[in-house]
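Bear in mind that the values in this text are calculations on the coordinates, not laboratory data. Keep in mind it's a predicted model, so treat the numbers as computed, not measured. Cβ placement follows ideal geometry from the backbone for every residue including glycine, while neighbour counts extend to all protein chains displayed.
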Amino acid sequence: MTTATPTVAVGTQKTDGPTSTAGRVRKRLNSRTATLVSIVIAVVWTIPTFGLLVSSLRPEDEIKTTGWWTAFTNPQFTLENYQQVLFGRSSSSGQLAGYFINSLAITIPSVLFPIAFACLAAYALAWINFRGRDWLYIAIFALQIVPLQMALVPLLRFFSTGVTLGGVTIMPAWDLVDEQKFAQVWFAHTCFALPFAVFLLHNFISQLPGDLMEAARVDGASHPKIFRTIVLPLITPALAALGIFQFLWVWNDLLVALIFAGGSDETAPLTVRLAEMAGTRGNEWQRLTAGAFVSIVVPLIVFLSLQRYFVRGLLAGSVKG
Amino acid sequence: MATVTYSKASRVYPGQERPAVNELDLEIGDGEFLVLVGPSGCGKSTSLRMLAGLEDVDAGSIYIDQRDVTHLPPKARDIAMVFQNYALYPHMTVYENMAFALKLRKTSKSEIDRRVKEAAGLLQLEEYLSRKPKALSGGQRQRVAMGRAIVREPQVFLMDEPLSNLDAKLRVQTRTQIASLQAKLGVTTVYVTHDQVEAMTMGHRVAVLLDGVLQQVDTPRALYDTPANVFVAGFMGSPAMNIKTVPLNEQGAEFAELQIPLTREQVAAARAEGGDGKVTVGFRPEDCDLVSPTEGGMPVVVELVEDLGSDANVYGHAALGGNSERFVVRTDRRSMPNMGDTVFVKPRTGRSHVFHATTGSRI
């Protein structure tokens with residue numbers, strides 16, 4: 001699943017006779033050729049996804065006998081695959097509708113929790129003075145080194161047996177069943193996301209001008225108030241960026257969900273089901289294209305709707321010099 | 001309305017031995033406009049931030065209206081501050097910027113509206129109330145920052161170099177506006193600047209700081225006429241006072257051929273405490289006359305003449321005790337010398353300032 005954004009250079013600044021090498025290079029990059037090249041790259045990048053889309057709309061026989069490009073000379077389109085994949089009753093069809101809900105149930109909290117915790121932590125690490133602050137930050141930063149795979153077994157043990165230190169049970173086993181297992185996935189995703197999220201947001205928040213915080217403090221705002229009314233509105237681009245990354249990561253994740261939610265119908269997300277379809281339905285792979293597209297739709301919506309928060313110059317006019 | 005008292009207030013930044021502010025003792029009267037002035041790093045901003053509660057006070061205490069505020073957070077002190085770079089909330093409109101502090105104090109909507117409108121009228125900001133700071137010019141942003149302080153109706157205004165980001169013309173204009181606004185509102189104001197012209201023109205009293213130590217606090221006129229030490233003498237006034245350390249004899253100070261007469265007490269004081277037969281004498285550029293060669297002035301070779309329009313500054317050097325020393329003299333444009341000329345400079349009698357050669361304090 002790729003969403004390519006063609007980067008077309010459009011700043012056509014007409015400078016007469018650029019003398020330096022850099023100037024010539026820049027002019028050349030602004031030229032029509034450069035625009036053409038970037039369009040070509042964008043098209044090439046998009047063709048496989050486009051082929052997938054066309055295939056998903058073709059009847060089973062057509063998919064299995066001819067390439068997707070022949071659909072243009074012999075157009076035959078149907079929504080049968082989507083019907084099968086989403087709502088089909090036979091066991092070999094996708095029944096994706098239920099998994100789709102599972103995916104949402106896993107993804108939305110797994111995006112919101114780490115972002116909420118991370119921006120609180122990042123604010124505290126950036127703007128509240130307390131002992132050992134720098135060490136704490138370094139420790140959180142260092143946690144990014146731990147590979148996810150290494151934490152899987154300890155985490156599983158933590159869920160299934162709890163924490164016992166010297167015979168004293170500090171935390172009992174979670175003992176979750178069926179839908180409750182979502183909590184394990186949320187917990188795992190939140191843990192894995194936090195170090196990077198804290199790091200990214202800390203960088204962003206610590207770049208906010210200190211005078212702004214001091215002005216708010218003199219105006220009588222407490223830390224929670226400053227966080228809510230000053231910091232949060234000013235870091236929306238970072239929140240949106242982090243939100244998109246985390247959403248894509250969780251939505252496309254197979255490993256964590258498979259391990260902590262299991263493969264049962266109640267909890268398995270789309271990715272688990274898609275993997276099964278690819279692995280066990282070798283003779284009915286016409287449904288894969290439609291299934292893949294169902295799973296693409298949501299990230300696309302998320303990306304496009306959060307994109308408008310990527311604005312530059314949020315701080316303009318605040319401080320001078 | 002309130003008085004402000006610094007009582008031996010000190011601030012030592014962690015990891016530094018020398019205090020940024022060293023036992024500051026300062027009394028600021030009710031409704032007074034006090035200017036803190038000094039070179040970069042002298043502790044003037046730190047002093048202000050200590051009063052604001054943004055900086056810890058390591059020793060001593062600070063009182064606002066006899067109330068000990070030394071360890072209170074900023075919001076408990078009832079102060080308003082204008083920052084050097086304005087620090088406006090970029091995502092709020094001008095109205096919201098001004099109303100922010102009042103909203104936090106749960107002031108009623110109608111009261112907020114009244115106060116913001118009033119301040120906006122005072123600062124000619126009515127038509128910009130719905131704009132965001134980025135759509136304002138530098139001068140307008142500065143006024144919004146002022147407005148944000150005014151609507152609070154605080155006990156004390158704190159201003160940290162609020163004019164330093166404006167261009168020269170706007171700065172002069174805003175300077176007078178702030179001074180008249182303060183006179184109108186009658187709120188005790190502490191104003192930090194590094195610009196001695198601002199200090200001279202705006203303050204009721206001016207406090208001069210150097211290396212965290214208060215040098216002198218007095219009215220601008222007294223500061224200018226009777227500086228307490230060499231630093232204050234050199235800092236106030238532009239161009240700076242001519243200050244030289246020269247040999248001392250029974251009658252006065254020897255400027256090569258020129259003799260600056262001193263009283264018997266001054267000579268005695270200059271000799272005390274290891275004066276070493278020297279004395280430091282200063283005279284302001286405008287307290288000099290250019291005289292004819294026969295009248296016994298000090299010969300100065302002109303290096304540079306600055307024509308300011310109204311008058312002219314003449315920079316030159318003279319041989320003094322084997323060294324070439326620089327002097328500056330303010331003169332009428334009509335008698336402006338040329339570069340390379342030799343002029344004869346004579347300080348007016350009774351207008352020179354005498355300081356101890358080693359301690360630097362006024363004699």
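Below are the figures for this structure:
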| item | result |
| --- | --- |
| Neighbourhood net charge (12 Å Cβ-Cβ; Lys/Arg +1, Asp/Glu -1) for residue B:3 | -3 |
| Exposed chymotrypsin sites (Phe, Trp or Tyr not before Pro) absent - longest run of chain A, DSSP non-H/G/I/E/B, at most 13 other C-beta within 10 Å | A:131-309 |
| Theoretical ellipticity at 222 nm over chain A - DSSP helices of four or more residues, -39500 (n - 2.57) apiece, nearest 500 | -20500 deg cm²/dmol |
| Two-decimal log10 I(q)/I(0) for region B:157-250, as the Debye equation yields it once each C-alpha is a single scatterer, q = 0.18 Å⁻¹ | -0.89 |
| Cross-link reach list, lysines versus residue B:8, counting only Cα pairs under 26 Å and skipping chain neighbours closer than eight places | B:44, B:75 |
| Rg ratio (alpha-carbon, reference 2.2 N^0.38 Å) - chain B | 1.18 |
| Taking N as its residue count, the alpha carbon Rg of the protein assembly as shown over 2.2 N^0.38 Å | 1.41 |
| Region B:117-138-region B:147-165 distance, computed between alpha-carbon centres (Å) | 15 Å |
| Over chain B: helical MRE at 222 nm, DSSP H runs n ≥ 4 each giving -39500 (n - 2.57), nearest 500 | -7500 deg cm²/dmol |
| Positive minus negative residues near residue B:186 (Lys, Arg vs Asp, Glu; Cβ under 14 Å) | -2 |
| Region B:260-300: GluC sites (Glu not before Pro) in DSSP coil with no more than 15 other Cβ atoms inside 10 Å | B:273 |
| Region A:125-161: trypsin sites (Lys or Arg not before Pro) in DSSP coil with no more than 12 other Cβ atoms inside 10 Å | A:131 |
| Shape call, chain A: gyration tensor on alpha carbons, a/c limit 1.5 | oblate |
| Relative exposure of A:38, A:31, A:295, B:110, judged by other C-beta atoms within 10 Å (fewest first) | B:110, A:31, A:38, A:295 |
| In degrees, nearest ten, helix B:109-122 long axis to first principal axis of chain B (Cα) | 30 degrees |
| Set of lysines near residue B:278 by C-alpha distance (under 27 Å), chain-local residues within fewer than 8 positions excluded | B:244, B:346 |
| For residue B:226, net neighbour charge (Lys/Arg +1, Asp/Glu -1) across residues whose Cβ lies under 13 Å away | +2 |
| Overall dimensions of region A:21-78 as given by Cα atoms, namely Rg and Dmax in Å | 18.4, 58 |
| Residue with peak Gaussian network fluctuation, chain B [Cα springs, cutoff 10 Å], from B:255, B:157, B:235 | B:255 |
| Residues of type aspartates and glutamates that residue A:225 reaches as a straight line, Cα spacing below 20 Å, ignoring anything fewer than 8 places off in the same chain | A:211, A:214, B:78, B:96 |
